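Report on the structure given below.
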Amino acid sequence: MEKGISDFKPGSAVVPGERPVVGIFGKRNAGKSTLFNLLLGQEYAVVSDHKGTTTDPVRKSMELDGAGAITLVDTPGYDDEGTVGGLRVEQAVKSAAACDVALIVVDGVEDGLDKRWAEYLEGRGATVFVINKQDVSKKDVFDKIRHALEARGRAGSEATILGGLVSAGDIAVLVMPQDKAAPKGRLIMPQMQTVRELLDRGCVPVCVAPDGLEGVFSALSRKPELVITDSQAFSAVRDVMRKVFGAGDGSPESDGRFSGTDAEVISDILGGVPLTSFSILFSRYKGDIRIFREGAEKIPLLNGGSRVLIAEACAHRPLSEDIGRVKLPALLRKAAGDSLQVDVVAGSDWPSDLKGYDLVIHCGACMFNRRLVLSRIADAQRDGVPITNYGLAIYKLVKRD
């Protein structure tokens, strides 16, 4: 949903899940698509006098001076009617979940429906501006978006993957199994983003497949300051670290090097070397790790009659080594019983009502922005359903004392 279409402009090579999302909302014929085209500087969305011209959200990436790459979204009218119209409104609702900034376009005076949508969008975490169709200034709208995004940055919403775990000069060993789901010739996005952040911080990333890990430890002149593994290699990596560095050193919270969420993203400390996973790091980077940890604690309560929802950001063809559709369900059924029901949704698909589930397990969400993940967490909390993510769930399922 957040992928957008890159314009390949300088500075716009930002991964999809990192771009702030600016949504344009309003009634049919309020002028949403006209504003969309005005901001883009090109006739990208279809504009006509016919009501309901925009039937599905239209997304386009662009470069906003002073703010960087953003994804602009033109949505169907939220006053649409009838069976098909209701489906279009649902698309607008789905788009709202990902918005960092929302522009509500009104033709004349803001009425009750516009105000209700403004309240709804603000409740989803978006910064809302009402734009009058009759008095649109491209510069004014850009200034509003830019200032809203700057304010979010000052409020601390710009999280990093690694937090305070590493400093310049630190060695970080990244254990990266390359299964069939990995794109040929490329790294998966969490691996790529983590390597880039380590380089930007002046650290030394050392990348290795699981079967080469012990050799890497032996070749290093000192212990690494951090080990990051793919969740599915947790057990194997922990065994190698125990063999090379010794037994565990107690809880991360008791280690003087870590505090707050930095302690919470560390799964083990073995011989003084902290261990975590890409997915656990992303549980903080993209969502709320404390809520995800609470959700993982509910896994032992699952039984054969339970129902679990697995949500993936990527919509891809299922493979024999697929984590969300194959490996994770197998681990859950091994722990809770073969009759455990597991449903999988992908991309923008997301149930409007989660009450029928006993647990939601979300992927690392590298393709989603943080706002969308926080919206889904809010949905789960609203319906009283615990929610966690792949890394914490897999760690809970494979952990061995």
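The values are calculated or read from the model by the stated rules, or taken from the named source; none is laboratory data. The model shown is predicted, which means the values in this text are computed figures rather than measured ones. Please note: Cβ atoms are built from the backbone with ideal geometry, for glycine as well, and neighbour counts cover all protein chains shown. Heavy atoms of the whole protein, side chains included, go into the accessibility calculation; ligands, DNA and RNA do not. Shrake-Rupley method; radii C 1.70, N 1.55, O 1.52, S 1.80 Å.
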- Query: Has the range 377-388 got any residue that is assigned to a helix (DSSP H, G or I), of a type in the set (D, E, K, R), surrounded by 16 or more Cβ atoms within 10 Å (Cβ to Cβ) and in contact with a strand residue (DSSP E or B) (Cβ under 7 Å, 6 or more places away or on another chain)?
  - Reply: no
- Message: Given the condition open to solvent by less than 60 Å² (accessible area, probe 1.4 Å), more than 21 Å from Phe25 (Cβ to Cβ) and either at pLDDT 95 or above or not in a strand (DSSP E or B) (or both), answer yes or no: does some residue in the range 148-155 qualify?
- Response: yes
- Message: Of all residues being at pLDDT 95 or above and surrounded by fewer than 20 Cβ atoms within 10 Å (Cβ to Cβ) in the range 222-238, which is nearest to Leu397 (Cα to Cα)? Just the residue, please.
- Response: Glu225
- Query: within 17 Å of Arg371 (Cβ to Cβ) and crowded, with 23+ Cβ neighbours inside 10 Å - does that describe any residue in the range 30-40?
  - Reply: no
- Those residues that are open to solvent by less than 10 Å² (accessible area, probe 1.4 Å) and aliphatic (A, V, I, L, M), I need them from the range 353-376; list them, please. Leu354, Leu359, Val360, Ile361, Ala365, Leu372, Val373
- Note on the structure: Residue hits (the range 67-80; part of a strand (DSSP E or B) and either of a type in the set (A, V, I, L, M) or surrounded by fewer than 22 Cβ atoms within 10 Å (Cβ to Cβ) (or both)) are Gly68, Ala69, Ile70, Leu72, Val73
- Message: If I ask for residues that are exposed (fewer than 12 other Cβ atoms within 10 Å of the Cβ) and among the hydrophobic types (A, V, I, L, M, F, W, C), which ones from the range 205-219 would you list?
- Response: Ala219
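Look through the range 81-96, keep the residues that are open to solvent by less than 10 Å² (accessible area, probe 1.4 Å) and not polar (S, T, N, Q), and return whichever of them is nearest to Ile70 (Cα to Cα). First the steps, then the outcome.
Applying the first criterion (open to solvent by less than 10 Å² (accessible area, probe 1.4 Å)) to the range 81-96 yields 85, 92, 95-96.
Remaining after also requiring not polar (S, T, N, Q): 85, 92, 96.
On the way: Gly85: 28, Ala92: 18, Ala96: 15 Å.
This residue is Ala96.
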- Query: Which condition does Met241 not pass, out of (1) surrounded by fewer than 20 Cβ atoms within 10 Å (Cβ to Cβ); (2) more than 25 Å from the chain's Cα centre (by Cα), if it passes all the others?
  - Reply: (1)
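Using the structure shown, decide if Thr34 is at pLDDT 70 or above and under 22 Å from Val128 (Cβ atoms). Can you show your working first?
Details: at pLDDT 70 or above: yes; under 22 Å from Val128 (Cβ atoms): yes.
Criteria met by Thr34.
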- Inspect all residues belonging to the range 195-205 and state whether any of them is at pLDDT 95 or above, over 24 Å from Val398 (Cα atoms), among the hydrophobic types (A, V, I, L, M, F, W, C) and touching a helix residue (DSSP H, G or I) at 6+ places or on another chain (Cβ under 9 Å). yes
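Out of the residues in the range 291-307 that are in contact with a helix residue (DSSP H, G or I) (Cβ under 7 Å, 6 or more places away or on another chain) and over 19 Å from Ala330 (Cβ atoms), state the one that is surrounded by the most Cβ atoms within 10 Å (Cβ to Cβ).
First, the residues of the range 291-307 that are in contact with a helix residue (DSSP H, G or I) (Cβ under 7 Å, 6 or more places away or on another chain): 291-293, 296, 299, 302-304, 306.
Among the residues that remain, those that are also over 19 Å from Ala330 (Cβ atoms) are: 291-293.
Working: Ile291: 19, Phe292: 28, Arg293: 18.
The qualifying residue surrounded by the most Cβ atoms within 10 Å (Cβ to Cβ) is Phe292.
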